[in-house]
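The values are calculated or read from the model by the stated rules, or taken from the named source; none is laboratory data. The structure displayed is predicted, hence computed values, not measured ones. Cβ placement follows ideal geometry from the backbone for every residue including glycine, while neighbour counts extend to all protein chains displayed. Accessible surface is based on the protein model in full, side chains and every heavy atom, while ligands, DNA and RNA are left aside. Shrake-Rupley method; radii C 1.70, N 1.55, O 1.52, S 1.80 Å.
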Amino acid sequence: MLSRTAENLYWLSRYVERADCLARILDVAQRLSYTPVPTEAPTNEWGSAVLTAGCAEEFVARHGPLEEANEDHVVSFLAFDLDNPSSIRNCFEVARTNARSVRTALTSEMWDVINSSWIELRSFPDKALSREELARFLAFVKETSLRFDGATFRTMLRNDAYWFTRAGAHVERADNTARILDVKYHVLLPEQEHVGGPLDYFQWASILRSVSALTAFHWVYRDSVKPWLVADLLILNRAMPRSLASCYDNLSRCLDDIAGAYGRQGPAQRLARTTQARLSNRTIEDIFQSGLHEFISEFITDNNKLAAEITEQYLV
Amino acid sequence: MRRAFDEMSCEDGTVRQAYDSLNRWLSKVPHEILDQRRKEAEFIFRRIGITFAVYGEQNAQERLIPFDIVPRIITNEEWGRLSKGLEQRVKALNMYISDVYGKREVLKAGIVPEDLVYQNPAFRPEMNGQRVPHNVYVHIAGIDIVRTDPDTFYVLEDNARTPSGVSYMLENREIMLRLFPELFAQHRVAPVEKYADDLLATLRSLAPRGGSEPNVAILTPGIYNSAYYEHSFLADKLGVDLVEGRDLFVKDNVVFMRTTEGPKRVDVIYRRLDDDFIDPLAFRPDSVLGVPGLMSAYLSGNVTLTNAVGTGVADDKAVYSYMPDIIRFYLGEEPLLPNVPTWRCREPEHLSYVLDHLSELVVKEVHGSGGYGMLVGPMADKAQIEIFRAKLKHDPANFIAQPTLALSTCPTLVEKGIAPRHVDLRPFILTGSDKVRIVPGGLTRVAMKEGSLVVNSSQGGGTKDTWVLDA
């Protein structure tokens with residue numbers, strides 16, 4: 001297939017995934033902002049939402065320091081701001097532009113999801129949303145990614161177009177999970193454990209909620225929420241679709257399918273397998289011992305490197 | 001102006017036979033139902049994304065072309081006459097272009113004045129003495145037809161560069177089949193869906209080298225082009241790649257596309273890009289849409305471009321006025337489809353006639369298209385007429401004039417119900433190395449405003465499904 005087509009498909013699904021992740025981040029920030037906070041340790045969940053979304057620099061330039069970030073600014077910046085290249089609205093715009101460029105490679109069902117949600121997005125006001133409107137908006141965004149993944153899964157031929165589409169979603173998803181961990185790793189560290197107050201519980205639960213894993217947690221561990229188990233679930237648990245391990249299982253499979261179809265392995269495949277192996281051969285104790293923060297930072301770097309390799313090898 | 005010829009109803013109120021059953025149906029179905037179906041059609045069009053862009057309009061980046069749900073009917077017998085005339089016309093166009101870039105017998109014989117070739121901005125000296133694969137230049141033609149009475153179909157315009165609109169012909173039919181299955185049960189409508197197969201067969205037949213599976217691609221300027229939807233639609237129907245300039249490169253005079261598996265050779269490019277933009281090395285150096293080296297690959301005979309480079313020399317409105325003579329010259333036949341009588345303002349007697357009759361005539365720029373830059377005398381006010389008078393005096397050769405034709409009307413759904421609106425017709429004629437293919441029908445464009453004669457979509461015109469009845 002055309003390199004540009006593969007590139008558009010790959011980015012199309014990355015942007016759909018990104019929009020979904022942003023919606024979850026806003027969801028969780030909103031929830032945490034209702035939670036009573038002890039006055040001696042004030043936290044700013046809205047600032048940390050911006051940090052997790054990975055656009056702190058642009059935000060600060062526009063609205064001032066993160067510590068003073070407020071709900072209105074963060075919601076409008078992450079959800080609607082056209083000057084923020086990663087706002088949900090821009091994700092939808094770029095996704096649709098990509099989709100238009102490769103309409104011939106999409107099934108009509110996939111196009112329909114992208115186009116109709118792009119049309120629906122315009123029906124939401126872009127500022128001063130009431131809480132209910134915001135909730136409805138976030139639900140709509142999450143539903144769009146579900147519909148898109150569903151359409152992809154149900155209607156697309158299993159060939160390189162499909163694999164590039166899925167590869168994009170997994171790269172983006174791994175990046176998002178890793179960034180959530182990166183921003184929140186300190187609440188998972190052992191020294192915080194003895195605090196164990198209600199605030200910590202909310203923090204841990206909110207991490208799980210931001211990747212829709214609170215229910216899954218209980219099913220997997222049959223235990224109360226503990227920080228090292230949260231980390232285990234999100235990093236190493238292969239059964240958990242948003243864990244780093246699961247993303248890399250899927251990513252490796254997509255890349256191997258591509259290599260199989262083209263009859264040629266390359267650096268992207270090797271890099272994906274290396275990271276995949278690193279995620280299978282570790283225990284969470286190991287990771288905590290050698291430093292959770294370092295592990296996550298390294299993962300984010302490697303994930304970016306893989307994205308660059310995929311681009312180099314196939315998309316240009 | 002007298003009442004225009006209506007394709008459904010005669011002046012005495014009787015209904016023509018071909019429209020009989022449609023008319024009965026129309027008078028039976030309540031207006032609200034029709035209106036609801038119209039909205040449904042609009043919803044589907046919007047949802048599928050069948051939109052087009054009007055340049056220079058802000059905030060209206062993607063617009064829908066209004067779709068009229070009342071079909072236009074053409075009888076089998078009428079279509080038979082039309083298609084013979086179209087084939088003849090396109091054959092002559094091809095022979096003319098081949099001659100213009102070859103021996104120029106038409107100029108030597110004095111049929112067409114030399115400056116219409118040499119001073120034509122669409123003339124491509126690069127094509128002089130070159131042979132194009134299979135000696136076909138206009139592989140895809142759109143010939144605009146208007147009707148003024150039961151028997152007369154005029155050719156209004158030849159489009160020999162990159163005519164668009166065929167996706168509407170196909171999508172309009174799909175929508176009609178979805179919305180009005182009962183109507184199709186009552187009529188034997190000749191299908192149009194074969195167009196995609198015909199186009200692919202045509203393009204493949206034109207490949208420069210042998211081999212069973214020539215690689216065909218459609219070249220688009222990209223998603224911001226007004227006809228982008230059509231480009232992607234056609235690529236999808238044909239099952240070929242839709243490429244942009246940056247997807248292609250030329251090495252050793254061979255064209256390749258960049259794929260995830262490395263370079264792949266391209267044999268036939270159906271380009272939807274004007275000559276000016278296809279190759280920055282050969283034409284406009286500032287074009288970022290084209291492919292450097294494409295022209296030289298083309299002239300080396302390693303790739304076929306459809307339509308050929310330089311076809312614009314045959315489709316401006318000044319050359320148009322010579323088409324009847326061109327047909328006689330090459331084919332030794334009388335034109336089967338007449339031209340609209342045309343005054344060439346480049347000729348002093350014609351110019352003075354036109355200047356004296358501006359309020360009755362339609363004046364068009366020789367190289368204009370899309371309904372821009374024209375004067376419809378009977379609809380214009382004094383000031384507009386005076387502006388055109390000045391333009392004409394300043395640069396007469398840039399204009400032609402025609403009588404204001406009473407274009408035929410067809411029943412159309414408007415706010416108040418069904419009313420007659422003026423229409424034209426653009427059939428698409430495919431010329432391969434093997435034969436000519438025309439699917440029955442074409443794109444009917446309709447001026448949605450009462451009394452308006454301008455059917456161009458850029459001017460608010462709409463479209464209709466066109467039914468050629470099988471016997």
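Structure summary
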| item | result |
| --- | --- |
| Residue match in the stretch A:241-262 (condition: open to solvent by 10 Å² or more (accessible area, probe 1.4 Å), farther than 18 Å from residue A:178 by Cβ and not in a helix (DSSP H, G or I)) | no |
| Criterion: open to solvent by 10 Å² or more (accessible area, probe 1.4 Å) and either within 29 Å of residue B:83 (Cβ to Cβ) or within 22 Å of the chain's Cα centre (by Cα) (or both) - qualifying residue of B:159, B:128 | B:159 |
| Selection within the stretch A:282-302 - over 21 Å from the mean Cα position of the chain (by Cα) and not aromatic (Phe, Trp, Tyr) | A:282, A:283, A:284, A:285, A:286, A:287, A:289, A:290, A:291 |
| Strands (runs of 3 or more DSSP E) completely within the stretch B:363-471 that count 1 or more residues being open to solvent by less than 10 Å² (accessible area, probe 1.4 Å) | B:374-376, B:399-403, B:409-414, B:417-426, B:428-431, B:443-446, B:462-468 |
| Residue match in the stretch A:118-127 (condition: under 30 Å from residue B:217 (Cβ atoms), within 14 Å of chain B (Cβ to nearest Cβ) and buried (at least 17 other Cβ atoms within 10 Å of the Cβ)) | yes |
| Residue match in the stretch B:177-189 (condition: surrounded by fewer than 18 Cβ atoms within 10 Å (Cβ to Cβ), acidic (Asp, Glu) and not in a loop (DSSP other than H, G, I, E, B)) | yes |
| Selection from the stretch B:210-224 of residues that are within 11 Å of chain A (Cβ to nearest Cβ) and at pLDDT 90 or above | B:217, B:218, B:220, B:222 |
| Residue within the stretch B:319-330 that is under 20 Å from the mean Cα position of the chain (by Cα), surrounded by 22 or more Cβ atoms within 10 Å (Cβ to Cβ) and of a type in the set (Gly, Ala, Ser) present | yes |
| Tally of residues being within 20 Å of residue B:251 (Cβ to Cβ), in contact with a strand residue (DSSP E or B) (Cβ under 8 Å, 6 or more places away or on another chain) and not in a loop (DSSP other than H, G, I, E, B) across the stretch B:297-317 | 4 |
| Any hit, the stretch A:10-30, residues being buried (at least 21 other Cβ atoms within 10 Å of the Cβ) and over 17 Å from the mean Cα position of the chain (by Cα) | no |
| Which listed residue is open to solvent by 10 Å² or more (accessible area, probe 1.4 Å), of a type in the set (D, E, K, R) and touching a residue at least 12 places away in the same chain (Cβ under 8 Å), from B:286, B:275 | B:275 |
| Residues of the stretch A:1-19 classified as modelled with pLDDT under 95 and more than 14 Å from chain B (Cβ to nearest Cβ), total | 0 |
| Scan of the stretch A:86-108 for residues that are within 12 Å of chain B (Cβ to nearest Cβ) and of a type outside the set (Val, Ile, Thr), ordered by number | A:93, A:96, A:98, A:99, A:100, A:101, A:103, A:105, A:106, A:108 |
| Test result for residue A:297, out of contact with any helix residue (DSSP H, G or I) (no Cβ under 9 Å at 6 or more places or on another chain), surrounded by fewer than 21 Cβ atoms within 10 Å (Cβ to Cβ) and in the same structural domain as residue A:164 (by TED's automatic domain parsing) | no |
| Residue pairs meeting the criteria (Cβ under 6 Å; at least 6 apart or on separate chains; first modelled with pLDDT of 65 or more, in the stretch B:55-84; second open to solvent by 60 Å² or more (accessible area, probe 1.4 Å) and among the aliphatic types (A, V, I, L, M)) | B:76/B:471; B:84/B:336 |
| Single residue of A:112, A:83 found to be open to solvent by 20 Å² or more (accessible area, probe 1.4 Å), modelled with pLDDT of 90 or more and at the interface with chain B (Cβ under 9 Å from one of its Cβ atoms) | A:112 |
| Condition met for residue A:170 (in a helix (DSSP H, G or I) and surrounded by fewer than 23 Cβ atoms within 10 Å (Cβ to Cβ)) | no |
| Flag for residue B:196 being surrounded by 13 or more Cβ atoms within 10 Å (Cβ to Cβ) and not in a strand (DSSP E or B) | yes |
| Some residue of the stretch B:247-256 being within 14 Å of residue A:1 (Cβ to Cβ), of a type in the set (A, V, I, L, M, F, W, C) and touching a residue at least 12 places away in the same chain (Cβ under 8 Å) | no |
| The stretch A:119-154, residues that are hydroxyl-bearing (Ser, Thr, Tyr) and modelled with pLDDT of 95 or more | A:144, A:145, A:152 |
| Only listed residue being surrounded by fewer than 16 Cβ atoms within 10 Å (Cβ to Cβ) and free of Cβ contacts under 8 Å to residues at least 60 places away in the same chain, chosen from A:282, A:278, A:273 | A:282 |
| Residues that are within 28 Å of residue B:160 (Cβ to Cβ) and among the basic types (Lys, Arg), drawn from the stretch B:343-384 | B:344, B:346, B:364 |
| Strands (runs of 3 or more DSSP E) lying entirely in the stretch B:225-296 (those with 2 or more residues that are within 10 Å of chain A (Cβ to nearest Cβ)) | B:241-243, B:254-259, B:262-265 |
| So residue A:34, is it more than 14 Å from chain B (Cβ to nearest Cβ) and modelled with pLDDT under 90 | yes |
